[in-house]
Amino acid sequence: MSRDENTALVALFSFLAGGLVGAGVALLMAPQSGKKTRKQIRELAEEMREQAVEYAEKVKGKVF
């Protein structure tokens, strides 16, 4: 993997991670019940996990 490709992947991952963190903060600040907020946080965490796995597989495919 070239240095430019690595930089692009890091930038993409950082952008996605920042967006997800922002969404999480928005959920915590929104006026709604605790039960609904916990459900949304659980769903957001699952999405983040899935995206991290996909990203890791892409990087692994490029490295190996």
What pairs come out if I take residues in the stretch 23-44 that are touching a residue at least 60 places away in the same chain (Cβ under 8 Å) and pair them with residues that are surrounded by 15 or more Cβ atoms within 10 Å (Cβ to Cβ) and in a helix (DSSP H, G or I) whose C-beta lies under 6 Å away, six or more apart or interchain? none
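When only residues in the stretch 5-46 that are part of a helix (DSSP H, G or I) and of a type in the set (S, T, N, Q) count, which is modelled with the lowest pLDDT? Break it down stepwise before answering.
Restricting attention to the stretch 5-46, the residues satisfying the condition of being part of a helix (DSSP H, G or I) are 5-29, 34-46.
Within this subset, residues satisfying the condition of being of a type in the set (S, T, N, Q) are 6-7, 14, 37, 40.
On the way: Asn6: 71, Thr7: 78, Ser14: 82, Thr37: 81, Gln40: 82.
Per the stated criteria, the residue is Asn6.
The values are calculated or read from the model by the stated rules, or taken from the named source; none is laboratory data. Source: prediction; values computed, not measured. Ideal geometry is used to build each Cβ from the backbone, glycine not excepted, and the neighbour counts take in all protein chains shown.
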